[in-house]
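Single-structure report; data block below.
The values are calculated or read from the model by the stated rules, or taken from the named source; none is laboratory data. These figures come from a predicted structure and were not determined experimentally. Every residue, glycine among them, receives a Cβ derived from its backbone with ideal geometry; neighbour counts consider all protein chains shown. Note: accessible area is taken over every heavy atom of the protein model, side chains too, but ligands, DNA and RNA are not part of it. Shrake-Rupley method; radii C 1.70, N 1.55, O 1.52, S 1.80 Å.
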Amino acid sequence: MRPPAPPNPVSPTEFGRALGRFATGVTVVTALGAPGRPEGVTVNAFASLSLAPPLILVCLAKATRALSVFETAGHFAVNVLSENQRHLSVAFSRVGENRFRGVSWSAWASGAPILEGCVANLECARTACHEGGDHVIIIGRVERLSVDPARLPLLYLGGRYRRPGEELT
């Protein structure tokens with residue numbers, strides 16, 4: 001008996017359309033580059049990996065301008081944006097600008113920038129980087145975190161920013 005024929009190849013457009021039906025939170029991942037310059041990028045490819053030890057992963061496109069900063073920094077922060085921080089998502093997704101201009105942030109023990117007003121902030125020690133197609137998967141061990149239960153997260157679904165409870169159109 002012959003094995004079944006492989007399925008038709010999936011086009012990047014079809015794949016992106018299918019993934020666009022999965023709602024995600026929006027984060028800005030930050031780290032310090034040399035010489036102590038803050039770097040940040042908008043990321044929705046963020047997930048928990050393990051509760052014990054507390055591990056997370058973020059995926060950055062290989063074309064990300066500051067990718068080398070995140071691959072080499074000992075620490076980075078994941079800042080989970082609140083529903084009123086769409087402007088930060090847009091600012092940190094732009095190319096070639098000073099993304100931190102006018103942004104309120106502080107630093108904890110590692111120095112990784114912690115954005116103010118977020119739903120949650122996680123300070124992580126980078127533990128590994130792995131190739132993942134056109135992305136790099138960065139794994140971090142959460143060393144410190146802050147959660148604001150009064151805030152609601154910014155969501156992204158179907159190519160649009162959303163708010164919790166908002167009707168889909």
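Would you confirm, using the coordinates I've provided, whether T30 is at pLDDT 95 or above and not in a loop (DSSP other than H, G, I, E, B)?
yes
Regarding segment 103-112, can at least one residue be identified that is under 30 Å from G16 (Cα atoms) and free of Cβ contacts under 8 Å to residues at least 60 places away in the same chain? Within segment 103-112 (the criterion being under 30 Å from G16 (Cα atoms) and free of Cβ contacts under 8 Å to residues at least 60 places away in the same chain), the answer is no, since none of the residues qualifies.
Quick check on segment 44-64. Is at least one of its residues open to solvent by 100 Å² or more (accessible area, probe 1.4 Å) and of a type in the set (K, R)? No, there is no match, as no residue in segment 44-64 is open to solvent by 100 Å² or more (accessible area, probe 1.4 Å) and of a type in the set (K, R).
What number of residues within segment 94-112 are loosely packed, with under 15 Cβ neighbours inside 10 Å and part of a loop (DSSP other than H, G, I, E, B)? Here the count works out to 9.
Within the set of pairs 6+ apart or on separate chains, which have a first residue in segment 81-96 that is more than 11 Å from P153 (Cβ to Cβ), a second that is open to solvent by 10 Å² or more (accessible area, probe 1.4 Å) and outside any loop (DSSP other than H, G, I, E, B), and C-beta atoms under 7 Å apart? Once the first residue is more than 11 Å from P153 (Cβ to Cβ) and sits in segment 81-96, its partners that are open to solvent by 10 Å² or more (accessible area, probe 1.4 Å) and outside any loop (DSSP other than H, G, I, E, B) give R86/Y161; S89/T42; F92/V41; F92/T42; S93/T42.
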